[in-house]
Amino acid sequence: MPPWLTRDRLAVAAALLGPLVVSGFLTGFRSSLPNTDAALLLVLVVVAVSALGNRVAGYLAAVSAAVWFDFFLTVPYGRFSIDTRADVKTTVLLLAIGVAVTELAVWGRRQAALASGQAGYLAGIREAAEVVAIGGSGAKLVQDLSQALVRMLGLASCRFERGVAGIGQPARLRHDGELEWRRQPWDVERQGLPVETDIELIVESGGRLVGRFLMRAAPDSHPTRTQRLVAVTLAGQVGGAFGDTR
C-alpha cells in the first residue's frame, strides 16, 4: 500500500462513497423493499466504516447515509426533501444510530489500544530483563536489543551506530516517548511512524553519548506511547553495556 494511502483515508473515502453506492443500488428495489429495510442496510455500511476508520469517518458515513437515503429512497425521489413523516423519522434515526455506532466503535478501539499498550509494556519489560540477564558481549546486546525494538515498534529494520547522533536529520524518538521530525512533533497515534525517514533513538551512558539506534518503520506501524516509552527504557537499561561495546 502506498504511504499516502492510510487506513484513515480509506475509511473517509468509504464513508463518502459507500452510502452513495449502496443507496444508488437500492433504487432498483424501491417498489419492493421497505424504507426501514433499506435504512438497516445503510446502517451496516456505517458500522463497517466505523470499524475501519476513526470518529471523523464514522460521522461522515452517518451523514452520507442519511443524505443519500433521502435523495434516492424517499419521496420525492431525486430531491433533497421528504414528504412523509415516517421517512423523516427513519432518516433521523439512521443518522442517530450512525453516530451512536461510531461512538461505540471509537470506545472499543480505545479499550483495545489500552489492552495492547499494557501487553506491549509487559512484553518490553520482559525483553529488557532477558537482554540484561543474558549479558555477553556488547555486540550481542546490541543485536538482541535491535531485534526487540523491531518486534515492539513494528519496524522494518534497526541498526546501531556508535558515537553519532543527528546525522542525516532523521526523526527522533525522544526520552518522553514522543516523536519529533523536522523540529515538529509527530502524531504517531494518528499518522503512524513516518516511513519517509529513519528514526533515531539516542543511547547514553552516565550522560555521555554512546550512539544511536537507527530505525526504519514498516508501513502502517502505530506503536502506542507506552510501547515507545518501553523502547526508550530498554535502550536506557543497557546503555552502560553499550558504552563498553568493542
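The values are calculated or read from the model by the stated rules, or taken from the named source; none is laboratory data. Bear in mind that the values here come from a model prediction, so they are computed numbers and not experimental data. Counting neighbours? That spans all protein chains shown, and the Cβs are built from the backbone with ideal geometry, glycine included. Surface areas here come from the heavy atoms of the whole protein model, side chains and all, with no ligands, DNA or RNA. Shrake-Rupley method; radii C 1.70, N 1.55, O 1.52, S 1.80 Å.
Taking 0.36 nm per residue of sequence separation and subtracting the Cα-Cα distance, how much length would be gained by fully extending the chain between ARG151 and ALA218, in nm to one decimal?
23.0 nm
Rounded to the nearest percent, how much of the accessible area of region 145-246 (1.4 Å probe, protein heavy atoms only) is carbon and sulfur? The partial results should precede the final answer.
On the way: 2320 of 5050 Å².
Roughly 46 percent, rounded to a whole number.
Compute the accessible area per residue over region 178-224, keeping the other protein chains in place, probe 1.4 Å, unit Å².
Averaged over the residues of region 178-224, the accessible area is 51 Å².
May I ask you to evaluate 6.51 cos²θ - 1.76 cosθ + 1.60, the Karplus curve with θ = phi - 60°, for each residue of region 163-173 and list the ³J(HN,Hα) values in order in whole Hz, giving x for glycine and proline?
x, 10, 7, x, 5, x, 6, x, 5, 10, 8
Local charge sum around LEU104 (other residues, Cβ-Cβ under 15 Å, Lys/Arg +1, Asp/Glu -1)? Don't jump to the answer; show the numbers that get you there.
Working: positive: ARG55, ARG109, ARG110; negative: GLU103.
In short, +2.
Simple spin-label model, 7 Å along Cα-to-Cβ: ARG110 to ARG208 in nm?
In this crude spin-label approximation the distance works out to 4.7 nm.
Using amide H atoms built 1.01 Å from N in the peptide plane, name the residues 5+ places from GLU204, or on other chains, whose amide H lies under 5 Å from its own.
Long-range HN contacts for GLU204: VAL210.
Starting from the amide H of LEU155, placed 1.01 Å from N in the peptide plane, find each other amide H under 5 Å away whose residue is 5 or more places distant or on another chain.
When sequence neighbours closer than 5 places are left aside, the close amide H contacts are ALA218.
So how long is each side of region 139-246 along the principal axes, counting just the alpha-carbon atoms, biggest first, in Å?
Ordered largest first, region 139-246 gives principal extents of 38, 26, 21 Å.
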